[in-house]
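Contents: one structure, followed by commentary.
The values are calculated or read from the model by the stated rules, or taken from the named source; none is laboratory data. Here the structure is a predicted model, which is why all the values come from computation and not from measurement. Glycine also receives a Cβ, built like all others from the backbone with ideal geometry; neighbour counts cover every protein chain displayed. With ligands, DNA and RNA removed, areas are computed over all heavy atoms of the protein, side chains included. Shrake-Rupley method; radii C 1.70, N 1.55, O 1.52, S 1.80 Å.
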Amino acid sequence: AVDEHAVSSVLTPERVLLLPEGNKAGVLGQLIDSLSRAPEVRNASVLRSGMLERERLMSTGIGFGVGVPHVRSDAVSDLIMAVAVCKKGIEDYDSLDGMPVTIVCMLAARADQHTEYLRTLSSISSRLKDAPVRKELLGLKDASAVVALLMD
């Protein structure tokens with residue numbers, strides 16, 4: 001799977017949001033705020049505009065109730081991630097399959113971290129395409145458990 005060491009720092013419980021509900025703009029904003037508090041973030045406003053611009057170009061709703069907003073930017077010094085679990089589903093996410101999004105994994109990597117970035121994105125995406133994993137994730141009430149499940 002994913003390199004254990006890499007991932008433990010990529011996602012921390014502080015960057016897991018368990019939300020009762022939300023709309024796309026609000027949830028993305030909260031995730032960006034959460035990432036912005038990480039020591040790896042050099043420039044929060046550049047990160048924010050890069051992330052929102054990427055989302056404007058094309059929705060990152062990949063189907064299965066999953067969104068993976070992502071950006072490569074020198075606003076960060078290393079690969080980091082934040083996750084929102086939104087039980088009620090984000091109706092306006094504009095997902096490929098038209099379904100509400102319940103799990104949003106936001107990933108930011110340094111511009112030159114192409115390989116690590118793609119590997120992490122692909123690993124998270126394939127993990128979340130697994131229905132039992134999604135179901136378990138939506139039932140979790142604890143941020144550390146979310147980290148453990150995604151990074152297992």
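Numerical summary
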item: Options 34, 59, 45; residue that is in a loop (DSSP other than H, G, I, E, B) and not aromatic (Phe, Trp, Tyr); result: 59
item: Test result for residue 137, touching a helix residue (DSSP H, G or I) at 6+ places or on another chain (Cβ under 7 Å), more than 18 Å from residue 35 (Cα to Cα) and either basic (Lys, Arg) or in a helix (DSSP H, G or I) (or both); result: yes
item: Residues located in region 46-90, provided they are under 27 Å from residue 130 (Cβ atoms) and either among the small types (Gly, Ala, Ser) or loosely packed, with under 15 Cβ neighbours inside 10 Å (or both); result: 58, 59, 61, 63, 65, 67, 82, 84, 87, 88, 89
item: When residues of region 112-152 are limited to those that are acidic (Asp, Glu), more than 23 Å from residue 20 (Cα to Cα) and surrounded by fewer than 16 Cβ atoms within 10 Å (Cβ to Cβ), the one nearest to the chain's Cα centre (by Cα); result: 152
item: In region 102-134, the residues that are in a helix (DSSP H, G or I) and among the charged types (D, E, K, R); result: 116, 119, 127, 134
item: In region 113-137, the residues that are of a type outside the set (A, V, I, L, M, F, W, C) and out of contact with any strand residue (DSSP E or B) (no Cβ under 8 Å at 6 or more places or on another chain); result: 115, 119, 122, 123, 126, 127, 130, 132, 135, 136
item: Criterion violated by residue 11 - all others in (1) at pLDDT below 95; (2) over 13 Å from residue 84 (Cα atoms); (3) of a type outside the set (S, T, N, Q) satisfied; result: (2)
item: Residues that are in contact with a Cys (Cβ under 9 Å, 6 or more places away or on another chain) and under 15 Å from residue 15 (Cβ atoms), drawn from region 38-89; result: 68, 69, 70, 81, 82, 83, 84
item: Only one of 43, 23 that is open to solvent by 30 Å² or more (accessible area, probe 1.4 Å), modelled with pLDDT of 95 or more and closer than 22 Å to residue 97 by Cα; result: 23
item: Qualifying residue in region 91-100 (condition: of a type outside the set (Asp, Glu), open to solvent by 80 Å² or more (accessible area, probe 1.4 Å) and in contact with a strand residue (DSSP E or B) (Cβ under 6 Å, 6 or more places away or on another chain)); result: yes
item: Condition broken by residue 28, with the remaining ones in (1) part of a helix (DSSP H, G or I); (2) in contact (Cβ under 8 Å) with a residue 40 or more places away in the chain; (3) open to solvent by 30 Å² or more (accessible area, probe 1.4 Å) satisfied; result: (3)
item: Cβ pairs under 7 Å, 6+ apart, first in region 1-20 and in a loop (DSSP other than H, G, I, E, B), second polar (S, T, N, Q) and modelled with pLDDT of 55 or more; result: 1/123; 2/120; 2/123
item: Test result for residue 103, within 17 Å of residue 15 (Cα to Cα) and either open to solvent by 10 Å² or more (accessible area, probe 1.4 Å) or under 17 Å from the mean Cα position of the chain (by Cα) (or both); result: yes
